[in-house]
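K.L.:
Here's a structure for you.
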Amino acid sequence: MNTGIVQLFSCIRRADPSRCDAPWRFRALRCALAAVCLLASLPLAGLTQAQPKPEPRPQNEYPVATDARIEQSGETVRLTMMLSSTVAVDAWVQAAPDRVIVELPSTNFQIQASAKRSAGFVSGYRFGLFTADKARIIIDLAQPAVIAKAEVKTVRGGFGELTIELKKTARADFLAEAGKVLKPAPAIPAPVPSPAKTAGETRRTIVIDPGHGGIDPGATVASIAEKAVVLAFGKALKEQLEANGRYRIVMTRDDDRFVSLGDRVQLGRNEQADLFISIHADSLTQAQEVRGATVYTRSERATDAEAARLAAKENEADAVAGLETSEEVQDVAGILMDLARRETRTFTGVFARNLVEKLGGSIKMHKIPLRSARFWVLSAPDVPSVLIELGYMSSPKDAELLNSPEWRGKAVTAVSAAIEDYFARERASVGKAAESRN
(Lines give C-alpha, C1' and ligand atoms only; values in the text may rest on other atoms or scores of the structure.)
Protein backbone atom coordinates (compact mmCIF):
# COMPACT_ATOMS: atom_id res chain seq x y z
CA MET A 1 0.00 0.00 0.00
CA ASN A 2 2.89 2.37 0.73
CA THR A 3 4.12 1.76 -2.83
CA GLY A 4 0.77 3.01 -4.08
CA ILE A 5 1.21 6.26 -2.13
CA VAL A 6 4.73 6.84 -3.48
CA GLN A 7 3.74 6.07 -7.08
CA LEU A 8 0.64 8.24 -6.85
CA PHE A 9 2.41 11.37 -5.66
CA SER A 10 5.30 10.74 -8.06
CA CYS A 11 2.76 10.52 -10.86
CA ILE A 12 1.08 13.76 -9.76
CA ARG A 13 4.40 15.63 -9.54
CA ARG A 14 5.59 14.45 -12.96
CA ALA A 15 2.13 14.90 -14.57
CA ASP A 16 2.91 11.94 -16.79
CA PRO A 17 -0.36 11.10 -18.59
CA SER A 18 0.98 7.79 -19.94
CA ARG A 19 1.61 6.59 -16.37
CA CYS A 20 -1.45 8.25 -14.96
CA ASP A 21 -4.24 6.69 -17.03
CA ALA A 22 -7.52 7.14 -15.17
CA PRO A 23 -8.16 3.51 -14.10
CA TRP A 24 -4.59 3.10 -12.76
CA ARG A 25 -4.72 6.45 -10.99
CA PHE A 26 -8.02 5.56 -9.36
CA ARG A 27 -6.75 2.18 -8.12
CA ALA A 28 -3.60 3.84 -6.75
CA LEU A 29 -5.72 6.42 -4.94
CA ARG A 30 -7.86 3.73 -3.33
CA CYS A 31 -4.75 1.85 -2.25
CA ALA A 32 -3.15 4.98 -0.82
CA LEU A 33 -6.33 6.06 0.97
CA ALA A 34 -6.70 2.63 2.56
CA ALA A 35 -3.09 2.76 3.72
CA VAL A 36 -3.45 6.19 5.31
CA CYS A 37 -6.67 5.21 7.11
CA LEU A 38 -5.01 2.03 8.36
CA LEU A 39 -1.92 3.86 9.59
CA ALA A 40 -4.05 6.46 11.32
CA SER A 41 -6.07 3.65 12.96
CA LEU A 42 -9.21 5.66 12.34
CA PRO A 43 -12.38 4.42 10.66
CA LEU A 44 -14.12 6.88 8.39
CA ALA A 45 -16.46 8.78 10.70
CA GLY A 46 -20.13 8.19 10.05
CA LEU A 47 -19.57 4.72 8.56
CA THR A 48 -20.46 2.02 11.06
CA GLN A 49 -18.23 -0.97 11.62
CA ALA A 50 -19.88 -4.24 10.66
CA GLN A 51 -20.10 -6.76 13.48
CA PRO A 52 -19.75 -10.55 13.15
CA LYS A 53 -23.00 -11.94 11.90
CA PRO A 54 -24.80 -14.32 14.26
CA GLU A 55 -26.19 -17.47 12.74
CA PRO A 56 -29.87 -16.80 12.03
CA ARG A 57 -32.50 -19.38 12.87
CA PRO A 58 -34.58 -20.76 10.00
CA GLN A 59 -37.60 -18.51 9.52
CA ASN A 60 -39.98 -21.42 10.11
CA GLU A 61 -38.70 -21.52 13.71
CA TYR A 62 -39.67 -17.90 14.43
CA PRO A 63 -42.74 -17.27 16.59
CA VAL A 64 -45.62 -16.10 14.40
CA ALA A 65 -47.51 -12.86 15.08
CA THR A 66 -51.11 -12.56 13.86
CA ASP A 67 -54.41 -10.81 14.59
CA ALA A 68 -53.14 -7.28 15.29
CA ARG A 69 -55.65 -4.90 16.86
CA ILE A 70 -55.30 -1.26 17.87
CA GLU A 71 -57.98 0.63 19.78
CA GLN A 72 -58.43 3.79 21.82
CA SER A 73 -60.13 4.09 25.19
CA GLY A 74 -60.12 7.61 26.64
CA GLU A 75 -56.49 8.74 26.88
CA THR A 76 -55.14 5.22 26.36
CA VAL A 77 -54.29 3.38 23.13
CA ARG A 78 -53.76 -0.36 23.20
CA LEU A 79 -51.99 -2.46 20.53
CA THR A 80 -52.30 -6.25 20.78
CA MET A 81 -50.99 -9.13 18.70
CA MET A 82 -51.41 -12.87 19.06
CA LEU A 83 -48.18 -14.89 19.11
CA SER A 84 -47.65 -18.60 18.51
CA SER A 85 -45.56 -18.71 21.71
CA THR A 86 -44.57 -16.48 24.59
CA VAL A 87 -41.44 -14.34 24.12
CA ALA A 88 -39.51 -11.71 26.04
CA VAL A 89 -40.35 -8.12 25.13
CA ASP A 90 -38.69 -4.77 25.79
CA ALA A 91 -40.11 -1.33 25.03
CA TRP A 92 -39.04 2.30 25.38
CA VAL A 93 -39.97 5.75 24.07
CA GLN A 94 -37.77 7.84 21.84
CA ALA A 95 -38.04 11.54 20.95
CA ALA A 96 -37.35 13.42 17.70
CA PRO A 97 -39.31 11.84 16.15
CA ASP A 98 -41.67 10.78 18.91
CA ARG A 99 -42.25 7.03 18.89
CA VAL A 100 -42.35 3.84 20.89
CA ILE A 101 -39.89 1.07 20.06
CA VAL A 102 -40.89 -2.48 20.95
CA GLU A 103 -38.16 -5.12 20.64
CA LEU A 104 -38.70 -8.88 20.68
CA PRO A 105 -36.96 -11.96 19.28
CA SER A 106 -37.05 -12.62 15.51
CA THR A 107 -40.71 -12.89 14.60
CA ASN A 108 -42.63 -13.94 11.51
CA PHE A 109 -45.25 -11.18 11.20
CA GLN A 110 -48.36 -12.46 9.42
CA ILE A 111 -50.44 -9.33 9.90
CA GLN A 112 -53.18 -8.68 7.37
CA ALA A 113 -52.55 -5.67 5.13
CA SER A 114 -56.08 -4.49 5.90
CA ALA A 115 -55.43 -4.37 9.67
CA LYS A 116 -56.12 -0.97 11.22
CA ARG A 117 -52.85 0.92 11.80
CA SER A 118 -53.84 4.06 13.75
CA ALA A 119 -55.97 5.12 16.71
CA GLY A 120 -56.07 8.27 18.83
CA PHE A 121 -52.57 9.69 19.26
CA VAL A 122 -50.95 6.75 17.43
CA SER A 123 -50.54 7.80 13.82
CA GLY A 124 -49.30 4.40 12.65
CA TYR A 125 -47.06 1.43 13.36
CA ARG A 126 -44.79 -0.88 11.38
CA PHE A 127 -42.92 -4.08 12.12
CA GLY A 128 -40.28 -6.42 10.75
CA LEU A 129 -36.90 -8.03 11.30
CA PHE A 130 -34.26 -5.70 12.69
CA THR A 131 -31.23 -7.97 13.09
CA ALA A 132 -30.67 -11.70 12.65
CA ASP A 133 -32.07 -12.36 16.13
CA LYS A 134 -34.38 -9.41 16.81
CA ALA A 135 -37.58 -7.92 15.48
CA ARG A 136 -39.07 -4.50 16.14
CA ILE A 137 -42.43 -2.81 16.19
CA ILE A 138 -42.19 0.98 15.76
CA ILE A 139 -45.23 2.96 16.95
CA ASP A 140 -45.37 6.55 15.68
CA LEU A 141 -46.85 9.11 18.06
CA ALA A 142 -48.83 12.19 17.00
CA GLN A 143 -48.84 13.35 20.65
CA PRO A 144 -46.60 12.54 23.64
CA ALA A 145 -47.33 9.26 25.43
CA VAL A 146 -45.70 6.92 27.92
CA ILE A 147 -45.75 3.13 28.15
CA ALA A 148 -48.30 1.95 30.70
CA LYS A 149 -47.87 -1.73 29.86
CA ALA A 150 -45.58 -3.84 27.64
CA GLU A 151 -45.98 -7.55 28.20
CA VAL A 152 -46.54 -10.95 26.66
CA LYS A 153 -48.83 -13.18 28.67
CA THR A 154 -49.65 -16.83 28.17
CA VAL A 155 -53.15 -17.54 26.93
CA ARG A 156 -55.09 -20.76 26.35
CA GLY A 157 -53.26 -23.36 24.28
CA GLY A 158 -49.79 -22.08 25.14
CA PHE A 159 -50.05 -19.11 22.81
CA GLY A 160 -48.86 -15.65 23.72
CA GLU A 161 -50.63 -12.29 23.64
CA LEU A 162 -48.51 -9.18 23.20
CA THR A 163 -50.02 -6.05 24.73
CA ILE A 164 -48.57 -2.55 24.37
CA GLU A 165 -50.62 0.00 26.29
CA LEU A 166 -49.81 3.69 25.87
CA LYS A 167 -51.14 6.61 27.87
CA LYS A 168 -51.22 10.24 26.76
CA THR A 169 -48.93 12.48 28.81
CA ALA A 170 -47.47 15.98 28.99
CA ARG A 171 -44.53 16.85 26.76
CA ALA A 172 -42.19 17.34 29.71
CA ASP A 173 -43.04 13.92 31.15
CA PHE A 174 -42.51 12.27 27.75
CA LEU A 175 -39.08 13.87 27.34
CA ALA A 176 -38.14 12.85 30.86
CA GLU A 177 -39.11 9.27 30.11
CA ALA A 178 -37.21 9.30 26.81
CA GLY A 179 -34.11 10.55 28.61
CA LYS A 180 -34.17 7.98 31.41
CA VAL A 181 -32.49 5.12 29.60
CA LEU A 182 -30.13 5.63 26.70
CA LYS A 183 -30.34 2.45 24.71
CA PRO A 184 -26.92 1.36 23.42
CA ALA A 185 -26.54 1.24 19.67
CA PRO A 186 -27.49 -2.29 18.65
CA ALA A 187 -24.84 -4.50 17.12
CA ILE A 188 -26.10 -4.52 13.56
CA PRO A 189 -24.93 -7.74 11.90
CA ALA A 190 -22.73 -7.54 8.85
CA PRO A 191 -24.56 -7.46 5.53
CA VAL A 192 -24.77 -10.63 3.46
CA PRO A 193 -21.33 -12.28 3.50
CA SER A 194 -19.49 -13.00 0.28
CA PRO A 195 -16.61 -15.29 -0.59
CA ALA A 196 -13.32 -13.67 0.41
CA LYS A 197 -11.64 -11.76 -2.38
CA THR A 198 -8.48 -13.73 -3.13
CA ALA A 199 -5.14 -12.15 -3.96
CA GLY A 200 -5.32 -13.31 -7.58
CA GLU A 201 -8.92 -12.19 -8.16
CA THR A 202 -9.18 -10.41 -11.51
CA ARG A 203 -12.95 -10.11 -11.78
CA ARG A 204 -14.51 -6.72 -11.12
CA THR A 205 -16.51 -6.52 -7.88
CA ILE A 206 -20.03 -5.12 -8.08
CA VAL A 207 -22.12 -4.48 -4.96
CA ILE A 208 -25.88 -4.62 -5.54
CA ASP A 209 -27.86 -2.82 -2.84
CA PRO A 210 -31.62 -3.57 -2.75
CA GLY A 211 -32.97 -0.68 -0.69
CA HIS A 212 -34.92 -0.92 2.57
CA GLY A 213 -35.70 -4.36 4.07
CA GLY A 214 -36.89 -5.88 7.32
CA ILE A 215 -38.65 -3.34 9.48
CA ASP A 216 -38.16 -0.69 6.76
CA PRO A 217 -40.65 -1.54 3.97
CA GLY A 218 -39.94 1.55 1.86
CA ALA A 219 -42.86 2.79 -0.22
CA THR A 220 -45.97 0.66 0.14
CA VAL A 221 -48.81 0.79 -2.37
CA ALA A 222 -51.79 -1.58 -2.35
CA SER A 223 -49.97 -3.93 0.07
CA ILE A 224 -46.95 -4.18 -2.28
CA ALA A 225 -43.77 -3.11 -0.48
CA GLU A 226 -40.84 -1.46 -2.22
CA LYS A 227 -38.43 -3.70 -0.30
CA ALA A 228 -39.82 -6.81 -2.06
CA VAL A 229 -39.83 -5.22 -5.53
CA VAL A 230 -36.20 -4.09 -5.36
CA LEU A 231 -35.00 -7.36 -3.82
CA ALA A 232 -36.49 -9.32 -6.73
CA PHE A 233 -34.75 -6.96 -9.16
CA GLY A 234 -31.43 -7.22 -7.30
CA LYS A 235 -31.50 -11.01 -7.33
CA ALA A 236 -32.30 -11.08 -11.05
CA LEU A 237 -29.45 -8.65 -11.78
CA LYS A 238 -27.03 -10.74 -9.70
CA GLU A 239 -28.02 -13.91 -11.55
CA GLN A 240 -27.51 -12.34 -14.98
CA LEU A 241 -24.16 -10.76 -14.12
CA GLU A 242 -22.79 -13.94 -12.57
CA ALA A 243 -23.76 -15.97 -15.62
CA ASN A 244 -20.94 -14.54 -17.77
CA GLY A 245 -18.28 -15.20 -15.12
CA ARG A 246 -16.63 -11.78 -15.44
CA TYR A 247 -17.93 -10.26 -12.23
CA ARG A 248 -17.82 -10.96 -8.51
CA ILE A 249 -21.24 -9.97 -7.13
CA VAL A 250 -21.92 -9.00 -3.52
CA MET A 251 -25.38 -8.08 -2.23
CA THR A 252 -26.00 -5.91 0.82
CA ARG A 253 -29.00 -8.14 1.52
CA ASP A 254 -30.44 -11.20 -0.18
CA ASP A 255 -33.48 -11.61 2.04
CA ASP A 256 -35.96 -9.51 4.00
CA ARG A 257 -33.57 -8.01 6.56
CA PHE A 258 -32.73 -4.51 7.71
CA VAL A 259 -29.26 -3.17 6.87
CA SER A 260 -28.26 0.28 8.11
CA LEU A 261 -27.12 2.94 5.65
CA GLY A 262 -23.66 3.01 7.19
CA ASP A 263 -23.25 -0.75 6.81
CA ARG A 264 -24.30 -0.58 3.16
CA VAL A 265 -21.65 2.03 2.45
CA GLN A 266 -19.01 0.22 4.50
CA LEU A 267 -19.64 -3.05 2.68
CA GLY A 268 -18.86 -1.37 -0.63
CA ARG A 269 -15.60 -0.03 0.78
CA ASN A 270 -14.61 -3.26 2.50
CA GLU A 271 -15.14 -5.20 -0.72
CA GLN A 272 -13.19 -2.58 -2.72
CA ALA A 273 -16.15 -2.49 -5.06
CA ASP A 274 -15.63 -1.27 -8.60
CA LEU A 275 -19.32 -0.31 -8.75
CA PHE A 276 -22.05 0.15 -6.13
CA ILE A 277 -25.62 0.06 -7.44
CA SER A 278 -28.47 0.91 -5.05
CA ILE A 279 -31.97 -0.04 -6.22
CA HIS A 280 -35.20 1.69 -5.19
CA ALA A 281 -38.77 2.38 -6.38
CA ASP A 282 -40.23 5.71 -5.27
CA SER A 283 -43.79 6.78 -4.54
CA LEU A 284 -45.52 10.14 -4.88
CA THR A 285 -48.81 10.38 -3.01
CA GLN A 286 -50.20 13.32 -5.00
CA ALA A 287 -48.77 12.75 -8.48
CA GLN A 288 -49.89 9.39 -9.84
CA GLU A 289 -49.22 10.56 -13.41
CA VAL A 290 -45.46 10.84 -12.73
CA ARG A 291 -43.64 7.71 -13.86
CA GLY A 292 -40.43 6.34 -15.32
CA ALA A 293 -36.97 5.32 -14.12
CA THR A 294 -34.34 7.78 -12.88
CA VAL A 295 -30.61 7.45 -12.22
CA TYR A 296 -29.17 9.43 -9.29
CA THR A 297 -25.61 10.30 -8.35
CA ARG A 298 -24.31 11.95 -5.19
CA SER A 299 -23.71 15.69 -4.89
CA GLU A 300 -23.83 18.16 -2.02
CA ARG A 301 -26.42 20.25 -3.88
CA ALA A 302 -29.48 18.63 -5.40
CA THR A 303 -30.24 19.23 -9.06
CA ASP A 304 -33.88 20.04 -8.21
CA ALA A 305 -36.46 19.99 -5.44
CA GLU A 306 -37.72 16.50 -6.27
CA ALA A 307 -34.20 15.06 -6.07
CA ALA A 308 -33.68 16.79 -2.71
CA ARG A 309 -37.00 15.40 -1.42
CA LEU A 310 -36.11 11.88 -2.45
CA ALA A 311 -32.63 12.05 -0.89
CA ALA A 312 -34.09 13.31 2.39
CA LYS A 313 -36.62 10.48 2.35
CA GLU A 314 -34.05 7.76 1.61
CA ASN A 315 -31.63 9.16 4.20
CA GLU A 316 -34.27 8.54 6.89
CA ALA A 317 -34.04 4.75 6.47
CA ASP A 318 -32.18 4.29 9.76
CA ALA A 319 -34.68 6.44 11.63
CA VAL A 320 -37.51 4.28 10.27
CA ALA A 321 -35.91 1.32 12.08
CA GLY A 322 -35.47 3.25 15.32
CA LEU A 323 -31.77 4.05 14.97
CA GLU A 324 -30.40 7.41 16.06
CA THR A 325 -27.71 8.01 13.47
CA SER A 326 -26.47 10.82 11.30
CA GLU A 327 -24.04 11.18 8.46
CA GLU A 328 -20.83 12.86 9.57
CA VAL A 329 -18.07 12.13 7.09
CA GLN A 330 -14.71 13.71 7.86
CA ASP A 331 -11.58 13.97 5.75
CA VAL A 332 -9.28 11.79 7.84
CA ALA A 333 -6.86 11.46 4.93
CA GLY A 334 -6.81 15.08 3.72
CA ILE A 335 -5.72 15.46 0.12
CA LEU A 336 -6.06 11.75 -0.62
CA MET A 337 -9.74 11.81 0.38
CA ASP A 338 -10.37 14.82 -1.82
CA LEU A 339 -8.55 13.27 -4.78
CA ALA A 340 -10.43 10.01 -4.35
CA ARG A 341 -13.77 11.80 -4.28
CA ARG A 342 -12.96 13.69 -7.48
CA GLU A 343 -11.85 10.51 -9.26
CA THR A 344 -14.94 8.69 -7.99
CA ARG A 345 -17.25 11.44 -9.28
CA THR A 346 -15.66 11.14 -12.71
CA PHE A 347 -16.14 7.38 -12.92
CA THR A 348 -19.63 7.63 -11.43
CA GLY A 349 -20.62 10.23 -14.04
CA VAL A 350 -19.40 8.05 -16.90
CA PHE A 351 -21.35 5.04 -15.64
CA ALA A 352 -24.50 7.02 -14.81
CA ARG A 353 -24.71 8.57 -18.29
CA ASN A 354 -24.20 5.17 -19.90
CA LEU A 355 -26.84 3.67 -17.61
CA VAL A 356 -29.39 6.30 -18.64
CA GLU A 357 -28.65 5.61 -22.29
CA LYS A 358 -29.03 1.83 -21.96
CA LEU A 359 -32.15 1.99 -19.77
CA GLY A 360 -33.70 4.57 -22.09
CA GLY A 361 -33.46 2.11 -24.96
CA SER A 362 -35.47 -0.52 -23.09
CA ILE A 363 -37.85 1.01 -20.55
CA LYS A 364 -39.77 4.21 -19.83
CA MET A 365 -37.56 6.91 -18.26
CA HIS A 366 -38.52 9.96 -16.20
CA LYS A 367 -38.57 13.25 -18.10
CA ILE A 368 -35.39 14.21 -16.19
CA PRO A 369 -33.60 10.83 -16.19
CA LEU A 370 -30.27 11.86 -14.62
CA ARG A 371 -30.23 13.73 -11.32
CA SER A 372 -28.11 14.17 -8.22
CA ALA A 373 -28.59 14.88 -4.52
CA ARG A 374 -26.96 14.20 -1.15
CA PHE A 375 -27.73 10.48 -0.81
CA TRP A 376 -25.99 8.96 2.20
CA VAL A 377 -25.87 5.49 0.65
CA LEU A 378 -23.75 6.91 -2.20
CA SER A 379 -21.22 8.54 0.14
CA ALA A 380 -18.24 6.16 -0.18
CA PRO A 381 -15.33 8.39 -1.30
CA ASP A 382 -13.60 5.66 -3.28
CA VAL A 383 -16.44 3.60 -4.81
CA PRO A 384 -18.32 4.77 -7.95
CA SER A 385 -21.94 4.64 -6.79
CA VAL A 386 -25.35 5.24 -8.36
CA LEU A 387 -28.93 4.90 -7.17
CA ILE A 388 -31.54 3.65 -9.62
CA GLU A 389 -35.18 4.52 -9.02
CA LEU A 390 -36.84 1.86 -11.18
CA GLY A 391 -40.11 3.76 -11.30
CA TYR A 392 -42.93 5.15 -9.16
CA MET A 393 -45.04 2.66 -7.25
CA SER A 394 -47.66 5.41 -6.95
CA SER A 395 -48.18 5.23 -10.72
CA PRO A 396 -50.61 2.39 -11.56
CA LYS A 397 -48.74 1.72 -14.81
CA ASP A 398 -45.29 1.71 -13.17
CA ALA A 399 -46.58 -0.46 -10.31
CA GLU A 400 -47.84 -3.00 -12.84
CA LEU A 401 -44.49 -3.03 -14.66
CA LEU A 402 -42.40 -3.21 -11.50
CA ASN A 403 -44.08 -6.51 -10.66
CA SER A 404 -43.82 -7.87 -14.20
CA PRO A 405 -41.10 -10.52 -14.79
CA GLU A 406 -41.00 -9.50 -18.47
CA TRP A 407 -40.35 -5.82 -17.66
CA ARG A 408 -37.86 -6.79 -14.98
CA GLY A 409 -35.98 -8.88 -17.52
CA LYS A 410 -35.70 -5.93 -19.94
CA ALA A 411 -34.51 -3.56 -17.22
CA VAL A 412 -31.98 -6.05 -15.84
CA THR A 413 -30.58 -6.65 -19.33
CA ALA A 414 -30.21 -2.88 -19.83
CA VAL A 415 -28.35 -2.43 -16.53
CA SER A 416 -26.12 -5.39 -17.38
CA ALA A 417 -25.34 -3.86 -20.78
CA ALA A 418 -24.40 -0.56 -19.13
CA ILE A 419 -22.03 -2.39 -16.79
CA GLU A 420 -20.44 -4.30 -19.68
CA ASP A 421 -19.92 -1.10 -21.64
CA TYR A 422 -18.47 0.72 -18.62
CA PHE A 423 -15.78 -1.88 -17.98
CA ALA A 424 -15.10 -2.30 -21.71
CA ARG A 425 -14.25 1.42 -21.85
CA GLU A 426 -12.00 1.01 -18.83
CA ARG A 427 -10.14 -1.88 -20.48
CA ALA A 428 -9.73 0.16 -23.65
CA SER A 429 -8.37 3.10 -21.63
CA VAL A 430 -5.80 0.88 -19.91
CA GLY A 431 -4.82 -0.67 -23.25
CA LYS A 432 -4.21 2.70 -24.88
CA ALA A 433 -2.11 3.84 -21.93
CA ALA A 434 -0.02 0.67 -22.14
CA GLU A 435 0.58 1.18 -25.86
CA SER A 436 1.73 4.75 -25.28
CA ARG A 437 4.31 3.55 -22.75
CA ASN A 438 5.85 1.08 -25.21
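The values are calculated or read from the model by the stated rules, or taken from the named source; none is laboratory data. Since this is a predicted model, take the numbers as computed values, not measurements. Methodologically, a virtual Cβ is constructed for each residue, glycine included, from the backbone with ideal geometry; neighbour enumeration extends over all protein chains shown. When the accessible area is computed, the model is the full protein with side chains, heavy atoms only, and any ligands, DNA or RNA have been set aside. Shrake-Rupley method; radii C 1.70, N 1.55, O 1.52, S 1.80 Å.
K.L.:
Could you give the accessible area per residue of segment 344-435, probe 1.4 Å, as a whole number in Å²?
P.N.:
Roughly 39 Å² per residue, with all protein chains present.
K.L.:
Students often forget the sequence filter, so: which aspartates and glutamates lie under 13 Å Cα-Cα from LYS167 once same-chain residues fewer than 8 apart are removed?
P.N.:
Reachable aspartates and glutamates: GLU71, GLU75, GLU177.
K.L.:
Per-residue HN-Hα couplings for segment 84-97, Karplus 6.51 cos²θ - 1.76 cosθ + 1.60 at θ = phi - 60°, whole Hz, x for Gly and Pro?
P.N.:
6, 7, 7, 9, 7, 9, 10, 8, 7, 9, 9, 9, 6, x
K.L.:
Please list, by residue number, every one of the GluC sites (Glu not before Pro) in segment 75-152 that is coil in DSSP and has at most 16 other beta-carbon atoms within 10 Å.
P.N.:
Loop-located and lightly packed - GLU75.
K.L.:
Let me ask something else about it. Counting only residues 5 or more places away or on other chains, whose amide H sits under 5 Å from the amide H of SER106 once H atoms are built in the peptide plane?
P.N.:
The answer is LYS134, ALA135.
K.L.:
What are the ³J(HN,Hα) values, in whole Hz, obtained from phi via the Karplus relation 6.51 cos²θ - 1.76 cosθ + 1.60 with θ = phi - 60°, for each residue of segment 223-238 in sequence order, with x given for Gly and Pro?
P.N.:
The phi angles translate into 6, 9, 9, 4, 4, 6, 4, 6, 5, 4, 5, x, 5, 5, 5, 4 Hz.
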